[in-house]
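Notes follow the structure.
Each reported figure results from applying straightforward, stated rules to the coordinates on display, with no laboratory input. The structure presented is a predicted model; accordingly, all values stated were derived computationally and were not measured. Quick reminder, even Gly has a Cβ in these numbers, built from the backbone with ideal geometry, and neighbours come from all protein chains shown.
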Amino acid sequence: MRALVDIRGLTRSFGGPAILDGIDLTIAAGEFVALLGRSGSGKSTLLRVLAGLDDAPARQLQLPQRRSVVFQEPRLMPWKTVTDNVTLGVKRRDARSVAAQALEDAGLSHRQNAWPLTLSGGEAQRAALARALVREPEILLLDEPFAALDALTRLRMHGLVFDLWQKHRPAVLLVTHDIGEAITLADRILVLDGGRFTKEIRVSLDHPRRRSSPEAARIEAELLTDLGVEPLHA
């Protein structure tokens, strides 16, 4: 499978110790990668570099042209309808019909003429996902997009993202603090600590049985240890 993202020797600092310290990263076309790490470990910094929102020196920086980002906040324009938010900046004649399909894929076709302030948190994130998908990204960058949602809505969003990934097959990089979320969704999990990747786990479990399997429990325990969290014992 071809490398969609190929980064070598990426370094980023803000006047102190390096946030990203000469890291290498490859993401294949269609691959789903989850990035875990403590707060301040550089996860969002790396995502911003991949999104083209931040410059950083690297020996090699191969990125696809078509990239979309979904942030923790939906960042919808309150004075525009859902459809107008989804088509914002899209320069093609059939933008509205493409947006209608994206909203249908995101389960939000019934709210396409709604105003953002009338949406629930989950609906607003669905609109943000539709806005990302309408650009037909080669890589979809998700920066903790479910963190502000309640537990039940978060689980529904996991299913939606997995289904959208299966249908459209972009590469995905998901930045998250949620180990269960990473195990549920990703093909590969990376742990970022001290500016470097300290762990890589390939997840071979079948969705959606991942959370309850013995292998998922083993991976979770391993990741908790790597992140410095003592697992609870019965």
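Those residues that are in a helix (DSSP H, G or I) and either under 11 Å from Asn85 (Cα atoms) or of a type in the set (Ser, Thr, Tyr) (or both), I need them from the range 111-128; list them, please. Let's see the steps before the verdict.
First, the residues of the range 111-128 that are in a helix (DSSP H, G or I): 111, 116-118, 121-128.
Residues satisfying the conditions are Pro116, Thr118, Ala124, Ala127, Ala128.
How many residues, within the range 77-100, are closer than 15 Å to Leu133 by Cβ and either touching a residue at least 12 places away in the same chain (Cβ under 8 Å) or assigned to a loop (DSSP other than H, G, I, E, B) (or both)? Break it down into steps so the answer makes sense when it comes.
Our first condition is that a residue be closer than 15 Å to Leu133 by Cβ; within the range 77-100, this holds for 82-83, 85-90, 92, 94-100.
Restricting the remaining residues to those that are either touching a residue at least 12 places away in the same chain (Cβ under 8 Å) or assigned to a loop (DSSP other than H, G, I, E, B) (or both) gives 82-83, 85-90, 92, 94-96, 98-100.
Counting residues in the range 77-100 that are closer than 15 Å to Leu133 by Cβ and either touching a residue at least 12 places away in the same chain (Cβ under 8 Å) or assigned to a loop (DSSP other than H, G, I, E, B) (or both) gives 15.
Say whether the condition of being within 16 Å of the chain's Cα centre (by Cα), of a type in the set (A, V, I, L, M), in a strand (DSSP E or B) and crowded, with 22+ Cβ neighbours inside 10 Å is met by at least one residue in the range 40-52.
no
Among the residues of the range 4-19, is there at least one that is surrounded by 17 or more Cβ atoms within 10 Å (Cβ to Cβ), more than 19 Å from Ala171 (Cα to Cα) and within 15 Å of the chain's Cα centre (by Cα)?
Checked the range 4-19: no residue is surrounded by 17 or more Cβ atoms within 10 Å (Cβ to Cβ), more than 19 Å from Ala171 (Cα to Cα) and within 15 Å of the chain's Cα centre (by Cα).
So Arg111 fits all but one of (1) within 20 Å of the chain's Cα centre (by Cα); (2) buried (at least 16 other Cβ atoms within 10 Å of the Cβ); (3) free of Cβ contacts under 8 Å to residues at least 40 places away in the same chain; what number is the exception?
With (1) within 20 Å of the chain's Cα centre (by Cα); (2) buried (at least 16 other Cβ atoms within 10 Å of the Cβ); (3) free of Cβ contacts under 8 Å to residues at least 40 places away in the same chain applied to Arg111, the lone miss is (1).
If we scan the range 175-192, do we find a residue that is closer than 23 Å to Gln112 by Cα and under 15 Å from the mean Cα position of the chain (by Cα)?
No, there is no match, as no residue in the range 175-192 is closer than 23 Å to Gln112 by Cα and under 15 Å from the mean Cα position of the chain (by Cα).
If we scan the range 45-53, do we find a residue that is touching a helix residue (DSSP H, G or I) at 6+ places or on another chain (Cβ under 8 Å), within 24 Å of Glu200 (Cα to Cα) and hydrophobic (A, V, I, L, M, F, W, C)?
Step one: list which residues in the range 45-53 are touching a helix residue (DSSP H, G or I) at 6+ places or on another chain (Cβ under 8 Å), which gives none.
No: the range 45-53 contains no residue that is touching a helix residue (DSSP H, G or I) at 6+ places or on another chain (Cβ under 8 Å), within 24 Å of Glu200 (Cα to Cα) and hydrophobic (A, V, I, L, M, F, W, C).
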